[in-house]
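Structure, as structure tokens:
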Amino acid sequence: KHSTVYQIYPRSFCDSNGDGIGDIRGIISKLDYLSDLGVDIIWLSPVYKSPNDDNGYDISDYMDIQPEFGTMADFEELLSEAKARGIKIIMDLVINHTSDEHEWFRRALEGEEKYKNYYIIKKGKEGALPNNWGNFFADCPWEPFGDPANGEYYLHLFAKTQADLNYGCPCLLDEIRNILRFWLDKGVAGFRLDAAKEFYSGSVTKNVEVLNWIQTTAVELKEDAYLVAEVWEDFGAITRYYESQITSIFNFAFGNTGGKLMQVLRAAGNSGTVATFATALEKADGAYLGANPDYIDAPFLSNHDVGRIYGFVSGDPLRVKMACAMNLFMSGSAFIYYGEEIGMSGSGNDPSKRAPFVWNDARDNGTTNPPPECTLPESYPFGSLEQQLEDEASVYNYYRQAIAIRNALPAIARGRTTCETALNIDCVSAYRKTWNEEEVIILMNISPDAAQADLSAYGDWSVAATLSADGNEIVLNGTTLELPAFGVAVLIPNA
Ligand code: NOJ
């Protein structure tokens with residue numbers, strides 16, 4: 001649960017059969033790569049059977065695999081091959097809604113009351129819609145249910161092919177429990193919960209109840225099940241959602257292009273803003289912990305719904321590396337979106353945020369076709385993986401090193417975070433992590449200019465690890481730590 005998690009968008013990751021579409025066997029063929037990178041969990045974006053109206057986020061069968069990705073036997077092999085390398089799999093669980101091609105919806109349309117109850121179906125009010133809500137894809141989240149003459153509508157917060165489920169229905173909860181059991185019994189480690197603030201759109205209290213039910217149910221089925229919820233919200237709301245006692249919630253307050261991390265990075269060199277990074281880490285840790293004493297943070301930079309970091313730092317490789325360290329040195333389970341480790345670009349429409357991972361220059365070693373409507377034929381500005389493997393200073397090698405440091409010093413992922421005020425000066429961001437008897441102090445020069453940190457009051461600490469973004473070494477001259485542009489050092493107490 002204090003892992004490095006790698007999000008795979010299956011269509012664009014690795015193609016094993018030459019049809020241009022990434023697949024499960026492709027993922028199996030890259031497990032050694034992921035293991036070498038230092039990843040311990042894979043979050044698999046949806047691979048369930050789906051008409052693919054929203055890239056698998058419209059599921060028509062929760063217990064089957066989309067044929068273009070492979071078979072259930074392939075999936076089981078993925079689990080066992082991953083396990084052999086100490087890698088766990090978490091599934092993307094899309095249970096706010098189903099596809100309108102799901103059997104439940106079909107049977108509801110055929111008039112079976114039981115299944116009508118699984119969805120949110122309401123009578124219009126005097127010829128008008130049930131209410132005046134908007135939704136994410138269209139102006140109106142209500143679609144006529146069956147014959148329009150009946151005056152019934154079903155709710156869809158997303159596309160009209162994604163019908164919202166009714167969490168007030170006990171039979172539905174039984175079905176969800178069965179889905180959880182099905183995958184946990186197969187050996188998955190847990191789930192990423194899609195759209196977790198839309199179970200009852202607009203009611204945090206009701207959503208917290210649903211999340212608490214899912215958390216409790218999953219843990220009843222498998223004691224150490226890991227759940228991470230997508231609650232696309234600010235710091236205050238995320239704190240409130242932790243009252244559900246869910247293990248993890250993506251830290252949208254820090255990640256994504258509008259989060260704290262990007263805010264600080266874009267102001268690199270501005271000491272006033274840089275200073276707020278460490279204090280914000282301390283504040284968030286305290287608040288989340290107050291809501292759920294067992295919470296495990298889930299920091300990330302980007303995912304399949306948001307622009308990649310590359311564009312937001314105007315393609316500056318030093319800032320791409322800095323973002324990596326800021327993210328991976330956060331506590332909890334830190335997430336990497338596939339391709340982030342080679343500094344991929346991607347922004348604009350959704351397919352362009354989901355461009356192919358480019359394994360080698362010839363693009364014949366598993367590289368997929370771009371997804372339809374991807375406007376970015378070249379999404380690997382720092383070169384293919386093959387090129388970056390050879391280059392010690394590559395973004396890839398920086399990621400690999402950062403993960404190795406994260407894994408070597410357990411307090412980085414497990415520690416409670418406090419701002420190290422005495423060192424958090426100028427453009428050096430400094431914070432301490434404490435876990436049992438272990439402690440580390442992390443110093444990051446979030447600036448394009450070199451900086452120094454005065455360690456004279458830290459005589460009994462030594463530099464355990466460093467990360468150089470620009471190739472210049474981080475050196476300790478007497479009690480002065482020399483940090484080149486965007487340089488990072490991790491201190492540990494002397495034994
Ligand atoms: C959030 C997913 O990440 C997104 O890709 C999807 O479209 C919606 N939820 C609906 O499932």
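Points to keep in mind about this one:
For (1) farther than 21 Å from residue 440 by Cβ; (2) within 16 Å of the ligand (Cβ to nearest atom); (3) in contact (Cβ under 8 Å) with a residue 60 or more places away in the chain, each residue gets a yes or a no:
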position	(1), (2), (3)
265	yes, no, yes
269	yes, no, yes
279	no, no, yes
286	no, no, no
290	yes, no, no
294	yes, no, no
302	yes, yes, no
311	yes, no, no
321	no, no, yes
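- The residue of the range 65-99 that is nearest to the ligand (Cβ to nearest atom), among those that are in a helix (DSSP H, G or I) and hydrophobic (A, V, I, L, M, F, W, C), is 69.
- The residues in the range 466-495 that are outside any loop (DSSP other than H, G, I, E, B) and under 16 Å from residue 420 (Cβ atoms) can be counted, and the count is 8.
- Only listed residue being surrounded by fewer than 15 Cβ atoms within 10 Å (Cβ to Cβ), more than 24 Å from the chain's Cα centre (by Cα) and in a loop (DSSP other than H, G, I, E, B), chosen from 202, 168: 168
- Residue count, the range 128-174 (criterion: over 21 Å from residue 93 (Cα atoms) and of a type in the set (Asp, Glu)): 4
- Conditions (1) of a type outside the set (Gly, Ala, Ser); (2) closer than 30 Å to residue 86 by Cα; (3) out of contact with any Asp or Glu (no Cβ under 6 Å at 6 or more places or on another chain): number failed by residue 132: (2)
- In the range 21-46, the residues that are closer than 14 Å to residue 4 by Cα form Cβ pairs under 6 Å with partners that are surrounded by fewer than 20 Cβ atoms within 10 Å (Cβ to Cβ) and among the polar types (S, T, N, Q), at six or more places apart or across chains, as follows: 38/407.
- Scanning the range 418-429 for residues that are surrounded by fewer than 23 Cβ atoms within 10 Å (Cβ to Cβ) and in a strand (DSSP E or B) yields 418, 419.
- Selection of the range 248-263 for residues being within 14 Å of the chain's Cα centre (by Cα) and touching a residue at least 40 places away in the same chain (Cβ under 8 Å) yields 248, 249, 250, 251, 254, 255, 256, 257.
- The listed residue being assigned to a strand (DSSP E or B), in contact (Cβ under 8 Å) with a residue 40 or more places away in the chain and either within 17 Å of the chain's Cα centre (by Cα) or within 16 Å of the ligand (Cβ to nearest atom) (or both), out of 57, 62: 62
Only the coordinates and a few stated rules stand behind these numbers; no lab work does. Keep in mind that this is a model prediction, so the values were computed, not measured. Because the Cβ atoms are built from the backbone with ideal geometry, glycine has one as well, and the counts that use them run over all protein chains shown.
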